[in-house]
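Below is one structure, written out as structure tokens; comments come after it.
The values are calculated or read from the model by the stated rules, or taken from the named source; none is laboratory data. All figures in this text were calculated on a predicted structure; none of them were measured in a lab. Don't worry about glycine lacking a Cβ; one is built from the backbone with ideal geometry, like all the others, and counts go over all protein chains shown.
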Amino acid sequence: MKLLAIDCSTERLSVALTDGHQRWHHNGNGGPQASSTLIPVIMGLLETAELPLHGLDALAFGRGPGAFTGLRTACAVAQGLALGAQLPLVPIDTLLMLAQAAHQHSPRVLCVLDARMGQVYVAAYAHNGQAWQCLQTPVLSEPGHLPVPSAWHGQDYALASNAHALYPDAFAASLAQGGVAVDAWPNALAMLDLAAQAYARGDTVTPSEALPLYVRDKVALTTAERAAESAARSA
């Protein structure tokens, strides 16, 4: 199938395109730049592949959790393009992309994404040989208390995350239970595979139904909270 996938959930911008035979992708700086660079990147990939937007079967986007501005950017751009080209949308959880990227290491993946403010987003997935099953829906967690499924105790699993370097000591307890660390980021190439499977299941939405998945309502620490956090680190 012909599919475009976009993700702006972190400081990395990831876009991928397939015509069913070949794949094209772009990984670059995201964050505040995503709103100004995303559409030019998309149009550049379509031009390289010689594919018109209206010739696609669907458009996939990383719905979250992740950076608030990035999630809104990806959703809004996906809505606009899909509405103009009359395409269905395929929302994909960003943490599921980490599971897809770490699948070669284990069929059980605990996915962790930096949420800033000393917290992380966590979800757990298991692959049954055909598809991923969500055992723990995305939640906000403290790095030192990751919700590892009890059924995994004593079994190997992958801890796929973009935050190993930020929380090595905090993650150690979870890794001691049998986990192996895998560095991973939300990637649009992984989204292509997930979106194709979701499309085949009929898991699509219209542009008006597309929404980001935030998980957390709070965007930033207050001045007092930042001061307290800084003091705790200095102690």
Return yes or no: is PRO32 more than 15 Å from the chain's Cα centre (by Cα), under 24 Å from LEU213 (Cβ atoms) and modelled with pLDDT under 95? yes
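How many residues, within the stretch 164-211, are among the small types (Gly, Ala, Ser) and part of a strand (DSSP E or B)?
Narrowing the stretch 164-211 to residues among the small types (Gly, Ala, Ser): 165, 170, 172-174, 176, 178-179, 181, 184, 188, 190, 195-196, 198, 200, 202, 208, 210.
Next, only the ones that are part of a strand (DSSP E or B) stay: 179, 181.
Residues that pass the stated criteria total 2.
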Read through the list (1) over 23 Å from ARG72 (Cβ atoms); (2) out of contact with any Leu (no Cβ under 9 Å at 6 or more places or on another chain); (3) at pLDDT 95 or above, then give the number of the only condition that LEU211 fails. (1)
With respect to the numbered conditions (1) surrounded by 16 or more Cβ atoms within 10 Å (Cβ to Cβ); (2) assigned to a loop (DSSP other than H, G, I, E, B), which one is the sole condition not fulfilled by LEU159? (2)
